[in-house]
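Trainee: Structure in structure tokens, see below.
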Amino acid sequence: MPEPDLNLLIALDALLAEGSVAGAARRLGLSASAMSRTLARLRATTHDPLLVRAGRGMVLTPHAEELRERARTAAQAAQAVLQPRTTALDFPTLERTFTIRTNEGFVEAFGASLIAAVAAVAPRVRLRFVPKPEKTPEPLREGLVDLEVGVLGQMGPEVRLQALFRDRFLGVVRKGHPLEAEKTVTAKRYVAFEHIVASRRGTATGPVDVALAALGLKRTITAIVPGFSAALAVARASDLIALVPASLLQSQSESSTATMYAFELPVTTERITVSQMWHPRMDADPAHRWLRQLFLAVCRQQPSL
């Protein structure tokens with residue numbers, strides 16, 4: 001009986017994770033035709049179609065569903081076995097790209113400091129920041145990202161977690177806004193103006209609205225944008241009130257903050273904890289451990305929020 005081609009294992013993992021030939025091809029840096037030929041070989045090897053047409057897309061067969069987790073685990077184990085054993089890092093020659101999944105607010109607040117801190121020690125290391133459209137552990141599990149930074153969601157019991165800093169939200173309006181003249185913004189004055197909300201998922205309400213509802217008040221939300229930077233830009237050019245993290249405001253340039261007025265919210269909301277998350281298979285990796293320590297050090301250097 002011929003030995004199976006273990007190179008197919010990586011391709012199988014990509015196909016089952018992506019659920020499409022085109023997605024697997026992009027993930028592995030192959031052409032669509034080469035990926036199609038590999039799928040044909042996998043079908044012949046496993047005696048199963050694995051992926052079948054369903055409308056314009058493709059779906060996994062029952063056998064492929066059974067294989068998905070096993071293929072992922074086996075592929076990751078094989079890649080880990082073939083990684084060179086490193087006992088001490090040679091930072092000047094270390095060449096590696098770390099993929100960080102986070103939102104634009106974190107990149108604006110800490111990106112420059114993190115990049116400079118990495119370059120000062122390991123000039124050949126690259127940080128690749130990618131967006132986080134939703135909170136899901138799949139990118140960590142599948143090895144698509146090295147670190148995820150944000151507020152903990154449903155990440156699964158195996159994901160490692162370390163708190164980086166605590167943050168809070170502030171109200172922000174343009175300079176010259178009627179609220180700027182008030183020493184303390186009351187809840188009634190806060191809801192007297194229209195609001196702009198930042199939400200990746202398009203959600204309009206949050207903890208502030210719950211706290212306002214307890215007072216019998218409700219704010220008028222005129223617009224929803226995907227990020228805090230967009231909310232700030234709109235608030236700067238209108239009478240809308242934006243709600244943004246204090247860490248983002250601290251990172252803004254003096255010229256930007258000179259055109260904005262920030263104030264404490266008139267209701268009490270819990271502070272949020274921003275954490276870094278990673279898959280346990282990266283625990284013992286020396287370069288990954290160094291990166292986590294660097295992220296912690298840079299984030300802890302910021303003034304208390």
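The values are calculated or read from the model by the stated rules, or taken from the named source; none is laboratory data. These numbers come from a predicted model, not from an experiment. Ideal geometry is used to build each Cβ from the backbone, glycine not excepted, and the neighbour counts take in all protein chains shown. Accessible surface is based on the protein model in full, side chains and every heavy atom, while ligands, DNA and RNA are left aside. Shrake-Rupley method; radii C 1.70, N 1.55, O 1.52, S 1.80 Å.
Trainee: How do Ser229, Ser275 stack up against each other in accessible area, from largest to smallest, with a 1.4 angstrom probe?
Mentor: The ranking, largest first, comes out as Ser229, Ser275.
Trainee: For the stretch 265-305, just say rounded, prolate or oblate: build the C-alpha gyration tensor, square-root its eigenvalues into a ≥ b ≥ c, call rounded for a/c under 1.5, and beyond that prolate if a/b exceeds b/c, oblate if not. It would help to have the intermediate numbers written out before the result.
Mentor: Details: a/c = 7.42, a/b = 2.14, b/c = 3.47.
Verdict is oblate for the stretch 265-305.
Trainee: Let me have the relative contact order for the stretch 64-212, percent, based on Cα pairs under 8 Å that are six or more residues apart.
Mentor: 21
Trainee: In deg cm²/dmol and to the nearest 500, what is the mean residue ellipticity at 222 nm of the chain if only DSSP H runs of at least 4 residues count, each as -39500 (n - 2.57), divided by the residue total?
Mentor: Here the helix-only value at 222 nm equals -12000 deg cm²/dmol.
Trainee: Do you know the relative contact order of the chain, to the nearest whole percent, from alpha carbon pairs under 8 angstrom that are 6+ apart? Kindly include the intermediate steps, with their values, before the conclusion.
Mentor: Numbers: 443 pairs, mean separation 61.6, N = 305.
RCO, the chain: 20 percent.
Trainee: While we're here: With percent of Cα pairs over 27 Å apart as the read-out, I listed (1) 60; (2) 47; (3) 55; which label goes with the value calculated from this structure?
Mentor: Checked against the structure: label (3).
Trainee: For Val125, what residues show an amide H to amide H distance below 5 Å, using hydrogens built from the backbone and excluding near sequence neighbours?
Mentor: Residues meeting the criterion, in which the H sits 1.01 Å from N, are Arg96.
Trainee: While we're on this one: Over the Cα atoms of the stretch 1-111, what radius of gyration and what Dmax do you get, in Å?
Mentor: According to the Cα coordinates of the stretch 1-111, Rg and Dmax are 17.8, 58 Å.
Trainee: Between Val52 and Leu6, what is 0.36 nm times their sequence separation minus the Cα-Cα distance? Round to one decimal in nm. Each step should come with its number before you reach the end.
Mentor: Values: separation 46, 0.36 × 46 = 16.56 nm, distance 2.30 nm.
Contour length minus the Cα-Cα distance gives 14.3 nm.
Trainee: For the stretch 109-120, just list the computed ³J(HN,Hα) in residue order, Karplus coefficients 6.51, -1.76 and 1.60, θ = phi - 60°, integers in Hz, with x standing in for Gly and Pro.
Mentor: Per residue, the Karplus-derived 3J(HN,Hα) values read 6, 10, x, 4, 5, 5, 4, 5, 5, 5, 4, 5 Hz.
Trainee: With each pseudo-label sitting 7 Å past Cα toward Cβ, what's the Thr203-Lys175 distance in nm, one decimal?
Mentor: That separation, rounded to one decimal, is 3.5 nm.
Trainee: If you don't mind, there's one more thing I want to ask. Reachable lysines from Lys183, Cα under 16 Å, same-chain residues fewer than 8 places away excluded?
Mentor: Reachable lysines: Lys175.
Trainee: Distance from a point 7 Å along Cα→Cβ of Arg300 to each backbone N in the stretch 134-155: keep the residues under 14 Å and list them by number.
Mentor: none
Trainee: Let me ask something else about it. Given R₀ = 22 Å, FRET efficiency for Arg37-Arg68 by Cβ-Cβ distance, to 0.05?
Mentor: Efficiency at R0 = 22 Å is approximately 0.55.
Trainee: How high is the relative contact order of the stretch 21-63, in percent, counting Cα pairs under 8 Å that sit 6 or more residues apart?
Mentor: 23
Trainee: Here's something else I'd like to know. Tally Lys and Arg at +1 and Asp and Glu at -1 over the other residues with C-beta under 11 Å from the C-beta of Ser238: what net charge comes out?
Mentor: Within the 11 Å Cβ shell, the charges total 0.
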